[in-house]
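For reference, the structure is listed below as structure tokens.
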Amino acid sequence: MPIWRRPKHSGTTGGDKSKKTDGQPPNTLPPSRPSTGKSLENKLDWFQQQFKNCSDVIVRQFDLSSGQSSALIYIRGLINQTTAQDFIIRSLQEEADSLEKPEDIYKFLFEDKGLSVSQNKITEDMNEGLDAILDAGALLLIDGDNRMMTFSISSYPTRSIEEPPNESVIRGPRESFIEDLEINLTLMRRRLKNKGFKTESLIIGTKTKTDIVLTYIDGICKPELVDEMKRRLSYIEIDSVLGSSYIEESIEDNPYSPFPQVQYTERPDVVAAALLEGRLGLFVDGTPMALIVPVTLTMLLQSSEDYFQRFIAATWIRWIRFFFSFISLLLPSLYIAITTFHPEMIPPQFLRTIAAAREIVPFPAFLEAFMMELAFEALREASVRIPKSIGQAVSIIGALIIGTAAVEAGIVSAAMVIIVSLTGIASFIIPHFDLGLSFRLLRFPIMFLAAMFGLYGIACGLILIYIHLNNLASFGVPYLSPVAPLVVSDLKDTVVRAPWYKMHKRPLQTAAVNPTRQKKDSRGWAKDKG
Amino acid sequence: MQKSVSSTQIFSLYNLHIFTTVIAFLLGMLISSSHFSAPVATVIGAFLAVALVYPSYIVASSRPNEFLTEFGGELVGRGPHTIFILIIVLIKLLLSALNLREMSDFLLSIYLIDTPSWSVVLIFGICIAYAVRSGLSTIFRAAQGIFLISAIAFLMIPFLAMMEIEKDALIALASHLHFTDITHGVIYNLGMFGELAFLFLLYPYLKEPKKVMKTYFFTTLSSLIIILSHLIPVLLTFGVDLGSNLVYPDLELIRFIRAGSFIETLDPILILLWLTSIFVKISFLCFTAVICIAQLTGVKDYKSLSLPIVAFVGVLSIAMARSQQELSNFTAKNLSPFVLTAEYVIPAIYMIMYFIRRKKNKSKPAETKSAGS
Amino acid sequence: MIWIGAMFLVIIVFEWLSQRKAKVKRRDKWIVLGISVGLLLLSEVLFKLKDKWNVTMLFEFVGKSIDVWISG
């Protein structure tokens, strides 16, 4: 895997800027070439000092069969101990006569003994050796030689590949990413058997040394987009990266916007499809989610299921989704506006029912809606943390209290309960969770405007949101593309889901470098009668 | 200079710009001045406006990478140029305030009775200020996004109102034509459609400047279709007397629609359509005013001027007339000459001076830094 | 009237601070301030006199004057 060295920036990471650190952030590792000399004991002392109070660091000292003292350092639990013990140590103890140089040892182990490792390296840099141990490797030290050998024989427990918990589909692949970066990249490689699929890696996080991999397809993705992503990542000098959200907030164009400008997914097929449209994927070790940029509002309203169902059904479901997105944002506000300011819009029979229901409620429509929405938000948030064993019971109680009892007590009207339930269901239709959160957040100010000015207030609120969306861009791509600015050819996968045999072009906003997806009409056989 | 405005965006914005205000607020005035000649007057006025806007195009395209506000002083002299630009800016601010006032009057009289006018203007002003501050490309993109829905909705309304039309009166549109009525109507429409001229103050922003006149032609055609699709039903449903006495005849037309028992009246839906379209129009007018003032004064970043100018437009809209009657009188009688001066006479003067100077073979410097970049 | 003044004051302060943050030239800051203050004064005058005298009356007056001047 090619390692991308980030360009150094002048200035410190943060912390006490008054201290001169010569460009090095404070609390850094010791100088790269401590003067330990060739002595094994000195080298071991150095490592033992670095790993002071680390009981899981194992130092196995042994003699090579040639008589030289040596030591193997590794972290228990991170490496394959059988390989370390039986293969490396035993082979070197018993069969490594007249092997003095590291190259000879490597040749002996790899060619003669058939040791299989993904990476190995000879280094004189103590810090590199330290990093290799921390990165699930083993480090072999030999007395009388400056050089150290690293073996990447990692074998730590990982979660098995499961069905995506948040993006399940009825028809389509059921694999999701896990926390291990290598396995995630393997899942991608299986789908993109193309030499153009690039995986540029870097390390971010001075303390956690988290591996980040930038993926794209060379020849489809715009080089400027890749450069821009690298430029933004180069500015991150944080001490720890424990999840992709640490990166997301640093690279998105407008972090203060309620709307997400970076998509995340736990599905490899979604990432593969995005890369094939000229977008970028970002993987963070330890996170079972990949980030995808650039993103538009319409992309966030699409689901991978759309591409596995028949196009007519998928189009219909998409329209339902668009409609219910509006419902999720506007339904309570419309109820407040219409019942307070525009009752003439409601048919008389229905108006009588609503009026009768609201007669016993002591609160104005806005307060009623606000209380119910707040209660629903609390219920939704609580349900995330409720233990599974009692979750079902608590949901039933919550529904009963909020639904039936509140109505019977006259605190809220039945219509309001229906409104809130519909709104809640509508918000779960939005495939992307962050976008659903945005709509939930924006619902409240629009309710307030509706209470003050009726439909005019709702219109003004929508105009403000609309202008904000028009302003927003994700890595140079306007957020409302392809509707505004209008890109007619891209509408075939926005307003509708065109059949695959009609989708000859990739989205122009991201894949202008290589816009042709398919040249021939894949249903041409129907025209050729012969 | 980022060329960010495409032809389709110009088409979208100007369609909304023209047909919304005419349909929402000016139908009564058109009918009262032109009676059954209103449709013919509208057609003539629209195409005449496209022709008369041509001098603006010539002047702007003489230096496609510079703003007229910046190089205009070299054509007519610095003093007259400042006065001309100030007149144009004042007219634009006045039109913005007028549209804002008409919209707030409409809302306050029909839907938001007892609501103080300042609150309605304040909320809308915030939206406009945000849009102006966001820039021209945002305004044009916003127009592009809502144009199709607005156009379809505006075109659907007359179809739904078809049942109420007095079809026998259709012949009057051809038989009751009078020259005076047509002249009055043409003058009003020249003022409306002449707002196309203001785009030439922003010529360097255009991606395809050479196609602008062609875009204008199609914009005029499409907005004419939409306007006539409302004007003719209003004329044929209410007649001349009632139509000219109604303040909002289009609203009354919509109230005639019976769309089944589901929604008794559709007019609150009209609010949404009108609001978004008027918002785009006022934002564009305010933006051009802001950018002209910024370029005239040499201020690099126009955004700093957006808030005070929009606030002034808001106050002006409240203070500009004591009553709706006074406002209607102003729109009908006193406004047109000043608007026509800003849209046609001033660009024509620039064009004449441009030709005179070109004849004298004076060269211009290559590029200047501008506030719009 | 107080509210118009307060609104303009907030706008002026906001613009001044954002221009300072953006390190705008002093000349531009003063021009923006001058224009804002000018518009504030104009707004106050217009609002104060809105019941006695307004823009529509001004245009009517100017229009009539031009008519008289043209007709001689």
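Bear in mind these aren't lab numbers, they're just calculated from the coordinates by the rules spelled out. Remember, it's a predicted structure, so these values are computed and weren't measured experimentally. We place every Cβ from the backbone using ideal geometry, glycine too, and count neighbours over all the protein chains shown.
Key figures
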| read-out | value |
| --- | --- |
| DSSP loop trypsin sites (Lys or Arg not before Pro) with at most 15 other Cβ within 10 Å: longest gap in chain B | B:4-206 |
| Proximal lysines to A:LYS198, defined as alpha-carbon separation beneath 16 angstrom and excluding residues fewer than eight positions away on the same chain | A:LYS222, A:LYS230 |
| Test item: Cα-centred dipole of the protein assembly as shown, Lys/Arg +1 and Asp/Glu -1 on Cβ, debye | 2980 |
| Gap separating the Cα centres of the stretch A:189-212 and the stretch B:105-161, nearest whole Å | 48 |
| Average partner coverage of C:30-42, which counts Cβ from other chains inside 10 Å | 4 |
| Virtual spin-label span in nm between A:GLU359 and C:VAL10, 7 Å along Cα→Cβ | 4.3 |
| Ascending count of other beta-carbon atoms within 10 Å, so fewest first, for B:MET162, A:MET345, A:MET289 | B:MET162, A:MET345, A:MET289 |
| Pairwise label distance in nanometres, B:MET156 with A:LYS519, each label 7 Å out on the Cα-Cβ vector | 4.4 |
| DSSP loop trypsin sites (Lys or Arg not before Pro) with at most 16 other Cβ within 10 Å excluded, longest remaining stretch of chain C | C:26-51 |
| Per-residue Cβ neighbour rank within 10 angstrom, fewest leading, A:SER70, A:SER154 | A:SER154, A:SER70 |
| Built amide H within the under 5 Å cut-off of A:SER481, gap 5+ | A:LEU297 |
| Most positive-pole-ward Cα, A:MET371, A:ILE458, A:ILE397, against dipole of the stretch A:316-465 from beta carbon charges | A:ILE397 |
| Most positive-pole-ward Cα, A:VAL412, A:SER98, A:VAL488, against dipole of chain A from beta carbon charges | A:VAL488 |
| Given 13 as the ceiling on other Cβ atoms within 10 Å, longest exposed-site-free region of chain A for chymotrypsin sites (Phe, Trp or Tyr not before Pro) in DSSP loops | A:257-530 |
| Karplus 3J(HN,Hα) series, Hz, for the stretch A:154-163 with 6.51 cos²θ - 1.76 cosθ + 1.60 (x for Gly, Pro) | 5, 7, 10, x, 10, 6, 7, 6, 10, 6 |
| Cβ-Cβ FRET estimate between A:GLN48 and A:ILE183, R0 fixed at 41 Å, reported to 0.05 | 0.80 |
| Average other protein chain Cβ within 10 Å of Cβ, residues B:290-299 | 3 |
| Within the stretch A:202-217, backbone nitrogen closer than 15 Å to the virtual label 7 Å beyond the Cα of A:SER234 toward Cβ | A:202-203 |
| FRET efficiency estimate (nearest 0.05) - Cβ-Cβ, A:LYS193 to A:GLU95, R0 56 angstrom | 0.90 |
| Under Karplus coefficients 6.51, -1.76 and 1.60, residue-wise ³J(HN,Hα) of the stretch A:185-197 in Hz, glycine/proline x | 5, 4, 4, 6, 4, 5, 8, 10, 8, 9, 5, x, 6 |
| Value at 222 nm in deg cm²/dmol, rounded to 500, when DSSP H runs of n ≥ 4 in the protein assembly as shown each add -39,500 (n - 2.57) | -18000 deg cm²/dmol |
| For A:ILE79, distant residues with modelled amide H under 5 Å away | A:SER155 |
| When each of B:LYS92/B:LYS303; B:LYS300/C:LYS29; B:LYS92/B:LYS211 is checked by Cα-Cα distance, pairs over 19 Å | B:LYS92/B:LYS211 |
| Gain upon complete extension [B:ILE149, B:THR341; 0.36 nm per residue less C-alpha separation] | 65.7 nm |
| Averaged over C:47-60, number of beta-carbon atoms from partner chains that fall within 10 Å | 5 |
| Karplus (6.51, -1.76, 1.60) ³J(HN,Hα), θ = phi - 60°, over the stretch B:182-199, in Hz, Gly and Pro reported as x | 5, 4, 4, x, 5, 5, 4, 6, 4, x, 5, 6, x, 5, 4, 5, 5, 5 |
| Dipole in debye (nearest 20) - chain A, about Cα centre, beta carbon charges: Lys, Arg +1; Asp, Glu -1 | 1980 |
| Modelled FRET efficiency - R0 51 Å, A:ILE418 with A:PHE308, Cβ distances, 0.05 increments | 0.95 |
| A:ASP104 versus C:ILE2: modelled label distance in nm, points set 7 Å from Cα along the beta carbon direction | 9.6 |
| Between helix A:388-399 and chain A: long-axis angle, C-alpha atoms, 0 to 90°, nearest 10 | 20 |
